[in-house]
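These notes are about the structure you will find just below.
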Amino acid sequence: GIETVTMLMCFKIKYPTRVYMLRGNHEDANTTLIYGFYDECISRFPKDEGELLWHIFMMVFNMMPLTAIVADRILCMHGGLSPHLNDITMLEKIPRPSIVPPYGMMCDVLWSDPDDRYPGWALSARGISFTFSSKVVKEFCETNNIDLIVRGHQLTADMFRGGYKYFADGRLLTIFSAPNYLNMKNDSCVLHISRKFKCHFTVFRPIFIGSAEAQNGTEEAPRATSLDGS
């Protein structure tokens, strides 16, 4: 919503060298038209002002980076890998500003998902982009000297408790930071990576008004794993 993205942008302005924002598949004009962000802008402001606000947000979204590399070892992105992406340096050549195309490397980085039900690459059930197997992840990491890929974009049933999931023997990590997404009562989490490259997870459980957790303020202790998921 408007408040959430505005708050994140304020953090970026105030702490420019400590806050880095990556573009996701919803930071796109077509997606915001479908999933309600455009409607929110024009319903909460006079139509002309709401339209202008929406266009300004789209200009910002089109300038956002797609990926980040942490300490030369961790690749962060919203979606996943692409059959068009062989060398990690290719990501630097994606122009900005850019409108998300319906196919190609930029689209895949925002929309693809890991899935071991199919070998290699397969068309995604989302109707856009692809799925990729553990073998694809391992080969990409070895080729590009990457230890871990961190992504979001996806909430699967085995993530409801904990809010995160490892894939490809710990070479890829999916985290989900929205608790009770679509009323599914799922946990969410935030990933912290130490200077020794140990992954720590702070897990947030959804709080419901009147529940024992809400009354008692119960929290779950942070969980920790090494970089390879062990």
- prompt: Hey, what did the chain get for relative contact order, percent, Cα under 8 Å, at least 6 apart?
  reply: 12 percent
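For region 116-218, what does the relative contact order come out to in percent, with C-alpha contacts under 8 Å and a separation of six or more? Before the final figure, lay out the partial values.
Working: 159 pairs, mean separation 16.9, N = 103.
Relative contact order for region 116-218 comes out at 16 percent.
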query: Under unit Cβ charges (Lys, Arg +1; Asp, Glu -1), what dipole magnitude, rounded to 20 debye, does the chain have relative to its Cα centre?
result: 500 debye
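Sum -39500 (n - 2.57) across every DSSP H segment of at least 4 residues in the chain, then divide by the residue count to get the 222 nm mean residue ellipticity, nearest 500.
Value at 222 nm, helices only: -8500 deg cm²/dmol.
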query: Suppose R0 equals 35 Å; then what is the FRET efficiency for Lys135 and Leu182 from their Cβ-Cβ distance, rounded to the nearest 0.05?
result: 0.65
- line: Length gained, Ile193-Phe45, 0.36 nm per residue minus C-alpha separation, equals 49.3 nm
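Indicate, rounded to the nearest 5 percent, the antiparallel portion of the DSSP beta bridges found entirely in the chain. Intermediate values should be presented prior to the final figure.
Numbers: 21 of 29 bridges.
For the chain, the DSSP antiparallel bridge percentage is about 70.
Suppose the chain between Ile207 and Arg18 were pulled fully straight at 0.36 nm per residue; how much longer would it get relative to their current alpha carbon spacing?
Working: separation 189, 0.36 × 189 = 68.04 nm, distance 2.93 nm.
Full-extension gain reported as 65.1 nm.
Take the Cβ-Cβ distance between Met7 and Arg126 as r, set R0 to 30 Å, and report the resulting FRET efficiency rounded to the nearest 0.05. Mind showing how you got there, number by number?
Numbers: r = 28 Å, r/R0 = 0.95.
The calculated FRET efficiency here is 0.60.
Rule-based calculations on the coordinates, nothing more; no lab input. Not measured: the values here are computed from a predicted model. Neighbour counts run over all protein chains shown; Cβ positions are idealised from the backbone, glycine included.
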